[in-house]
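The values are calculated or read from the model by the stated rules, or taken from the named source; none is laboratory data. Just so you know, these numbers come straight off a predicted model, no measurement behind them. Using ideal geometry, Cβ is built from the backbone for each residue, glycine included, and neighbour counts are taken over all protein chains shown. The area values use the complete protein model at the heavy-atom level, side chains included, leaving out ligands, DNA and RNA. Shrake-Rupley method; radii C 1.70, N 1.55, O 1.52, S 1.80 Å.
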Amino acid sequence: MSELLRLASEISALGCRYAFGVPGSGPTLVLADALEKLGVSVIRTQSEGAAALMAGTIGRLTGTAGVAFCIKGPGLTNMIPGLAVAWFENFPLVAIAEAYPPGSPPSKAHKLICHESLVRAVSKGRWVLGTTEPSFGDLAQLAQSELPGPVLLEVTGTKIVDQAPVQIKSDLRARDDAVLDAIRSSERPVLIVGTLGVRLQLSQRLNQLGIPVFSTAAAKGVVDETLSHAAGVYTGVGLELSPERKILPDADLIIGIGLRPAEVLAVKPFSCRSVALEPCSDVSGLDAFGFSAISGNGNTEEVLMLLQEKAWGGDLVAVSLAHMASRLLSGPFLPAHAFRCMEQHFNGAVRMVLDTGYFCTMGEHIWRARKPEHCLLSGQARYMGTALPMAIAAAISDRQVPTVVVVGDGGIGPAIGELRIAVERQIPLLIVLMTDGRFGSIRTRALKDGLSESTLTIGSPSWMQVMAGLGMSARSVSDAASLADALGQWQPGAGPAFLEIPFPPDPYESMVQGLR
Ligand SMILES: Cc1ncc(C[n+]2csc(CCOP(=O)(O)OP(=O)(O)O)c2C)c(N)n1
């Protein structure tokens, strides 16, 4: 029996009747499925903090530790307030968090945060499923014993084996000359720019280049994406429809500017030579990109001057983007069409804020951001539920340009109450809910492995009445014409408004095929 199935049966055998949490597409989904099959009621909450508090409350009422679950990184981070309450109030629970297996290479940095430090102040300790002896019963016992409180159990979804220590390659750093030489001798260089490029304010320079320039998702807009050399977003996991898969094979040199493991979904070596500008000496995992030389950013100017002399790839970028767009925009009305419609309506005079989910994958690739300050998203941690607060703050601080925030069924709930601020201050904010009534991006795993979809299905996904109750105009639209009409009706100066766009779940689920 797999570790996760054993865990589920131990939870059930202990008499736990409920588990609360927000699943991801990793081990928590398998656990939720197994728990459900054993008759444990799995309740998906709006945020992980509430899940821990609910589990702790069950622990307080029944005397048996409650059960909460979450994904790694942002999931556990969100859970901290709930764990803190349980810690203060001596409510017993076992919090089960997805995690990287111990000994994972430093390049596995997506959503990485030190769980141990995160929970130290609010838990009685941390264990990893499959590495140590305590059973779930032992952990529950520990949570219940004086003084009661939370304990953390990490689940990795892989069999834990002792890892060989990661070999650190010979020092590739401080190789300024090697980086410049590589650029001089290249004919078809491609740039990939991370958020460092935003902080170094490189946009103007990047906009003048004549070679393909990608950005990471978090740096979207650092190169004006309406320009002909802007190649879109690089994630490291793009499939055949993505520009990265089409353009990078033709390059003879990749240059990363602040291209860091935490800014991509997967780190892998490039098929051609690659070099990097990286001013920080403590960014770990860089060697997994396979850079042949890394230089500090002291010579950014020289690098950009050399690149300015190069020109290639305009047609390749155009063909790749056109191919992707024609595929994504064919067929029924889906998020890609909605983004195009909004792009046409606002014609650049808008700030786009994206939450996490499949609609965001579409937005990342279809929406063309002209400047980095007009595009906000949790492009590094993919932290669900963060877009609404980001958008409210952006719209308060800059009323000149209207803000559109796009959220899904998962991201709309956690900070819903903060919309009071938007109404009170009448800020120019349009909230667009793209709903398939599911956690579409997590559902893919459930469909693939035949796992239960119940924690991923939202009973009544509409928020129309809630938004109207908060004092906003609320409208549901289901095609390009009605969306265009609703956009035309919205007066940003008159304050926030809500648009709900329902999509059929199955075409929605498959819309990213071939892209990521
Ligand atoms: C704080 C946090 N919890 C959980 C997740 C895992 N996660 C990623 S996407 C997603 C569901 C997204 O569903 P929805 O908002 O409906 O968007 P869709 O995928 O359907 O487009 C979840 C739970 C996360 N990224 N962040």
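A few notes on this one:
- The portion of the accessible surface of the chain made up by carbon and sulfur, rounded to a whole percent, is 53 (1.4 Å probe; DNA, RNA and ligands excluded).
- Prolate/oblate/rounded label for the stretch 173-296 (Cα gyration tensor, a/c 1.5): rounded
- Part-to-part distance (alpha-carbon centres) for the stretch 396-424 and the stretch 453-475, which is given in Å: 14
- For the chain, the longest principal axis of the Cα atoms and the long axis of helix 335-346 meet at an angle of about 50 degrees.
- In the chain, the longest principal axis of the Cα atoms and the axis of helix 3-13 are about 30 degrees apart.
- Exceeding the 26 Å Cα-Cα cut-off - candidates Lys220/Lys448; Lys72/Lys159; Lys159/Lys220; Lys37/Lys268; Lys246/Lys310; Lys159/Lys246: Lys220/Lys448; Lys159/Lys220; Lys37/Lys268; Lys159/Lys246
- For Trp127, the solvent-accessible surface computed with a 1.4 Å probe is close to 60 Å², ligands and nucleic acids excluded.
- Global geometry of the stretch 6-118, whether rounded, prolate or oblate, following the gyration tensor of its Cα atoms and the 1.5 cut on a/c: oblate
- To the nearest 10, the accessible area of Ser452 is 30 Å² with a 1.4 Å probe.
- Percent RCO, i.e. relative contact order, over the stretch 381-516, from Cα pairs under 8 Å lying at least 6 residues apart: 27
- In Å², nearest 10: area of Tyr358 left accessible to a 1.4 Å probe: 30
- Computed over the chain: relative contact order in percent, which uses C-alpha pairs under 8 Å that are six or more apart: 13
- Heavy-atom accessible area with a 1.4 Å probe sorts Arg175, Arg425, largest first, into Arg425, Arg175.
- Net +/- balance of residues flanking His323 in space, Cβ distance below 10 Å, scoring K and R +1, D and E -1: +1
- Working from Cα pairs under 8 Å separated by at least six residues, relative contact order for the stretch 281-411 is 23 percent.
- Taking Leu470, Leu61, Leu142 and ordering them by how much accessible surface each has at a 1.4 Å probe, largest first, produces Leu61, Leu142, Leu470.
- Alpha carbon convex hull of the chain, projected area averaged over orientations, nm²: 23.8
- Summary of the geometry: the stretch 300-355 and the stretch 211-274, compared by the centres of their Cα atoms, lie 12 Å apart.
- 5 angstrom amide H check on Ser473, placed H, neighbours 5+ away: Phe498
- Solvent-accessible ranking of Asp181, Asp315, largest area first, probe 1.4 Å: Asp315, Asp181
- Note that the stretch 493-506 has calculated 3J(HN,Hα) couplings of x, 8, x, x, 9, 10, 10, 10, 10, x, 10, x, x, 6 Hz, one per residue in order, obtained from phi through the Karplus relation 6.51 cos²θ - 1.76 cosθ + 1.60 (θ = phi - 60°); glycine and proline are x.
- Normalised per residue, the accessible area of the stretch 80-156 is 43 Å², obtained with a 1.4 Å probe and no contribution from ligands, DNA or RNA.
- Rounded accessible area per residue of the stretch 219-297, 1.4 Å, Å²: 30
- Restricting the stretch 306-410 to GluC sites (Glu not before Pro) that sit in a DSSP loop and have at most 11 other Cβ atoms within 10 Å of their own Cβ leaves Glu309.
- Classified by the C-alpha gyration tensor, the stretch 1-45 has an oblate form. Its axis ratio a/c, with a ≥ b ≥ c, is 1.5 or above, and a/b does not exceed b/c.
- Top positive-direction residue, dipole computed over the stretch 229-287 with Cβ charges, set Pro261, Leu248, Ser284: Leu248
- Taking amide H positions as modeled 1.01 Å from N, with prolines and chain starts lacking one, the residues under 5 Å from Ser295 and 5 or more places away or on another chain are Arg175, Ala276, Leu277, Glu278.
- Computed from Cα positions, the angle between helix 27-37 and the longest principal axis of the chain comes to roughly 40 degrees.
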